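S.K.: Attaching a single structure in structure tokens format; questions to follow.
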Amino acid sequence: MNLDSPYQGYLYAYPHKTAYRRLSPRRTLTSVWAPERQENLFGYVHLPFCEMRCGFCNLFTRANPPAEQVTAYLDQLRRQAVAVRDSLAGDASFAQLAIGGGTPTYLTADELTSLFEIVQLAFGPARLPMSVETSPATATADRLEVLAAHGTTRVSMGVQSFLDREAHAAGRPQRLPEVLAALETIRAARIPVLNIDLIYGIDGQTPQTWQHSLDEALRWRPEELYLYPLYVRPLTGLGRRAHGRDDWDRQRQQLYHQAVSVLTAAGYVQQSMRQFRLAGTPVIDGPDYCCQDDGMVGLGCGARSYTSSLHYSFDYAVGVSEVRAVIDDYLARPSDDFRYAEIGFDLDLAEQRRRWLLKSLLRSSGVDASAYRARFGSSHADDFPQLASLVSRGWLSDDLATLTAAGLAWSDAIGPWLVSGPVHEAMGAYVLR
């Protein structure tokens with residue numbers, strides 16, 4: 001991988017699903033989870049439905065499904081919840097939860113109530129830190145009331161731009177009055193943490209229009225802001241556009257540095273290239289959970305799950321027709337199928353070390369060298385001598401533990417650069433559908 005191209009892709013999980021392959025034979029979840037620590041797990045529920053599919057979106061989602069499919073999905077999700085819970089130890093416990101998609105609040109208020117019943121069935125009745133994704137069109141008072149009543153501690157909404165023309169240029173046909181009404185409704189619901197997503201690098205965006213969106217977002221004093229560079233990916237609505245790559249990358253770098261300056265001055269602390277948290281905001285993310293060490297249990301046809309040595313999911317797709325096919329397959333499955341892992345990736349010790357490094361290094365807090373040694377019995381500096389080249393570029397501190405400000409800005413080059421040869425080869429051989 002080339003370190004000289006600053007924008008290669010958002011490495012949000014390692015390995016990526018395109019490295020997964022069918023497991024032969026498939027494995028029972030009981031055998032997969034039996035050797036694992038099962039306290040402090042992360043629970044995730046995936047709803048693959050939205051009211052629209054944005055032009056930049058490559059997530060696993062279907063726009064405007066028939067109502068009967070939504071009902072069938074919730075019924076099947078309940079069956080999966082029972083099968084998965086039965087596959088875990090009786091004393092398995094969870095530290096935090098998230099509901100994503102898609103757009104979970106595409107569901108009606110009554111359907112959301114049913115969804116939370118499923119959440120309790122799978123992950124237990126205890127109130128835990130819980131994040132739920134929403135959209136301007138679906139953040140209605142009745143839905144937010146259900147979220148608040150069931151203990152939601154964080155709501156995340158993709159605004160992307162506070163200018164309609166920019167939102168439309170990114171393939172998101174929203175209207176500003178709807179965005180403002182949704183933000184008002186979320187604040188009225190008194191959910192502790194509001195996150196706003198913004199996108200930079202949109203066609204026609206300038207430093208002045210980007211400043212406008214930053215200023216408008218800051219008026220709401222969100223506890224978190226996530227800033228995403230616009231990527232044009234295959235099989236998305238924007239995927240056929242041609243761009244002058246060099247000019248586009250230079251523009252995004254300029255807008256990124258502008259945002260860092262603005263948000264820092266406004267009292268936000270940078271947690272990663274994308275995440276900014278308002279100073280003094282209470283941490284309610286479940287301090288017992290550590291994504292480097294603790295497992296995740298996913299429900300729904302687009303969810304991934306992971307143990308220390310196996311990551312698994314259902315089939316992966318991006319194209320509209322293929323996504324529908326995967327949803328149809330999920331809905332047709334007998335309940336017993338949910339007791340097995342069928343598609344996944346086995347992480348040997350070398351890949352476990354690499355994942356641990358990546359999940360740490362790309363955060364502003366960096367690598368906890370003593371925790372790494374306690375887990376693997378070795379030094380991350382010895383295991384990854386290539387990190388020295390990041391120091392010479394000025395992107396990594398001399399102790400090889402923490403990215404510099406310049407390094408954080410280049411996270412989307414550093415992440416892919418650290419992907420292992422076998423994972424890179426598997427991803428390259430995958431035929432995207």
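The values are calculated or read from the model by the stated rules, or taken from the named source; none is laboratory data. Because the structure is a prediction, the values reported are computed rather than measured. In this analysis, Cβ positions are derived from the backbone assuming ideal geometry, glycine residues included, and neighbour counts consider all displayed protein chains.
S.K.: For region 310-317, indicate whether the set of residues that are assigned to a loop (DSSP other than H, G, I, E, B), among the polar types (S, T, N, Q), in contact (Cβ under 8 Å) with a residue 24 or more places away in the chain and under 27 Å from residue 157 (Cα atoms) is non-empty.
M.R.: Within region 310-317, none of the residues are assigned to a loop (DSSP other than H, G, I, E, B), among the polar types (S, T, N, Q), in contact (Cβ under 8 Å) with a residue 24 or more places away in the chain and under 27 Å from residue 157 (Cα atoms).
S.K.: Select from region 202-231 the residues that are of a type in the set (Asp, Glu) and part of a loop (DSSP other than H, G, I, E, B) and list them in ascending order.
M.R.: 203, 223
S.K.: Only one of 377, 407, 421 is surrounded by fewer than 19 Cβ atoms within 10 Å (Cβ to Cβ) and under 26 Å from the mean Cα position of the chain (by Cα); which?
M.R.: 421
S.K.: Right, another one. Being in contact with a Lys or Arg (Cβ under 7 Å, 6 or more places away or on another chain), at pLDDT 95 or above, not β-branched (Val, Ile, Thr) and not assigned by TED's automatic domain parsing to the domain that holds residue 268 narrows it down to one residue among 368, 398, 336, 383; which is it?
M.R.: 383
S.K.: May I ask you to verify whether residue 288 is in contact with a strand residue (DSSP E or B) (Cβ under 6 Å, 6 or more places away or on another chain), modelled with pLDDT under 95, among the charged types (D, E, K, R) and loosely packed, with under 15 Cβ neighbours inside 10 Å?
M.R.: Answer is yes for this residue.
S.K.: Tell me, yes or no, whether region 344-355 has at least one residue that is among the polar types (S, T, N, Q) and out of contact with any Phe, Trp or Tyr (no Cβ under 9 Å at 6 or more places or on another chain).
M.R.: Scanning region 344-355, I find no residue that is among the polar types (S, T, N, Q) and out of contact with any Phe, Trp or Tyr (no Cβ under 9 Å at 6 or more places or on another chain), so the answer is no.
S.K.: Now a separate question. Would you point out which residue out of 112, 121 is without any contact (Cβ under 8 Å) to a residue 60 or more places away in the chain, outside any loop (DSSP other than H, G, I, E, B) and surrounded by fewer than 21 Cβ atoms within 10 Å (Cβ to Cβ)?
M.R.: 121
S.K.: List, please: which pairs have Cβ atoms under 9 Å, are six or more places apart or on different chains, and start with a residue in region 365-378 that is part of a helix (DSSP H, G or I) and end with one that is loosely packed, with under 12 Cβ neighbours inside 10 Å and among the basic types (Lys, Arg)?
M.R.: none
S.K.: Would you tally the residues in region 173-201 being touching an Asp or Glu at 6+ places or on another chain (Cβ under 9 Å), part of a loop (DSSP other than H, G, I, E, B) and buried (at least 16 other Cβ atoms within 10 Å of the Cβ)?
M.R.: 3
S.K.: Restricting attention to region 121-155, which residues are under 19 Å from residue 94 (Cβ atoms), touching a strand residue (DSSP E or B) at 6+ places or on another chain (Cβ under 7 Å) and not β-branched (Val, Ile, Thr)?
M.R.: Result: 122, 123, 124, 128, 129, 130, 131, 133, 147, 151, 154.
S.K.: List pairs: first residue in region 209-237 and among the acidic types (Asp, Glu) and at pLDDT 95 or above, second residue crowded, with 17+ Cβ neighbours inside 10 Å and assigned to a strand (DSSP E or B) anywhere in the structure, Cβ distance under 6 angstrom, at least six positions apart or on different chains.
M.R.: Sorted first by the residue in region 209-237, then by its partner, the pairs are 223/193; 223/194; 223/278; 224/195; 224/277.
So that you can scan it fast, the table gives a plain yes or no per residue for (1) more than 17 Å from residue 222 (Cα to Cα); (2) surrounded by 16 or more Cβ atoms within 10 Å (Cβ to Cβ); (3) free of Cβ contacts under 8 Å to residues at least 60 places away in the same chain:
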position: 252; (1), (2), (3): yes, yes, no
position: 255; (1), (2), (3): yes, yes, yes
position: 267; (1), (2), (3): no, no, yes
position: 284; (1), (2), (3): no, yes, no
position: 294; (1), (2), (3): yes, yes, no
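S.K.: Can you pull out the residues in region 138-155 that are buried (at least 19 other Cβ atoms within 10 Å of the Cβ) and either assigned to a strand (DSSP E or B) or among the hydrophobic types (A, V, I, L, M, F, W, C) (or both)?
M.R.: 139, 144, 146, 147, 154, 155
Per-residue answers, yes or no, for (1) of a type outside the set (Gly, Ala, Ser); (2) closer than 19 Å to residue 276 by Cβ; (3) not in a helix (DSSP H, G or I):
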residue	(1), (2), (3)
399	yes, no, yes
415	no, yes, no
422	yes, no, no
427	yes, no, no
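S.K.: If residue 358 passes every condition in (1) among the hydrophobic types (A, V, I, L, M, F, W, C); (2) assigned to a helix (DSSP H, G or I); (3) more than 19 Å from the chain's Cα centre (by Cα) but one, which one does it miss?
M.R.: Going through the list (1) among the hydrophobic types (A, V, I, L, M, F, W, C); (2) assigned to a helix (DSSP H, G or I); (3) more than 19 Å from the chain's Cα centre (by Cα), residue 358 breaks only (3).
S.K.: Taking residue 368 as meeting all but one of (1) of a type in the set (D, E, K, R); (2) under 19 Å from residue 309 (Cα atoms); (3) surrounded by 13 or more Cβ atoms within 10 Å (Cβ to Cβ), write down the number of the exception.
M.R.: (2)
Yes/no per residue for (1) modelled with pLDDT under 95; (2) crowded, with 21+ Cβ neighbours inside 10 Å; (3) not in a loop (DSSP other than H, G, I, E, B):
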{"position": "27", "(1), (2), (3)": "no, no, yes"}
{"position": "38", "(1), (2), (3)": "no, no, no"}
{"position": "43", "(1), (2), (3)": "no, yes, yes"}
{"position": "53", "(1), (2), (3)": "yes, no, no"}
{"position": "59", "(1), (2), (3)": "yes, no, no"}
